[in-house]
1. Counting only C-alpha contacts under 8 Å and six or more residues apart, can you give the relative contact order of region 72-165 as a whole percent?
2. Quick one: order T72, T109, T37 by neighbouring beta-carbon count within 10 Å, fewest to most.
3. Could you list which residues have their amide H under 5 Å from that of H91, counting only those 5 or more apart in sequence or on another chain, with H placed in the peptide plane?
4. Spelling out what I want: for every residue of region 46-51, take phi, set θ = phi - 60°, compute 6.51 cos²θ - 1.76 cosθ + 1.60 (Karplus), and round to whole Hz; glycine and proline get x.
Amino acid sequence: MDKGLIRSLSRGFARTNKRRPVEAATGHVPEPAVCDTCGAVFAARLWRYDRTITDALLARARWMRCPACVQTAQGVGFGRIVIRGGYALAHEDAIRRRVANVAARAAHTQPERRISVIDRHHDVLEVITTSQKLAHRIVHELKKLYRGRASYAWSDDGTLFATWERER
């Protein structure tokens, strides 16, 4: 036997008690569940849009609001982005469009990744996202497209504080 096969056999049937931050914050959701706001379906511990909805699924599904809809309604989330600098102020419309495009691409396959709030406070654009991965992806895409400087700070409670800045 080679080492890869031995390692895969020793890891087989391992259980994990790790939960996603959203699941830890909202608690256990019974399966199947359907969001009455956005139409996402919860099955196999994941919220998805592309699940096939049959009459049998609808008959036994529990109707509720998904965590992303709850967070969006409350204006809270697991990711916070601060966008600042002269370049960001001069190109605010393009940056807002890019943020919206990245969020739409992420929400296509993972509906729990959405933007909760986009606000402008004085010279700073602040974006609150429902997941830390979406916040990381947005800052990464801004840095890739417009260059600039990005920084990330993860906290113990599963939230991400990210900043992106570029001067003229």
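Where a number appears in this text, it was derived from the coordinates with a stated rule and is not lab data. Nothing here was measured: the structure is a model prediction, and the numbers come from that model. Here the Cβ positions follow ideal geometry from the backbone for every residue, glycine too, while neighbour counts run over all protein chains shown.
1. The value is 39 percent.
2. Exposure proxy ranking, most exposed first: T109, T37, T72.
3. Correct list: empty.
4. 9, 8, 9, 8, 8, 6
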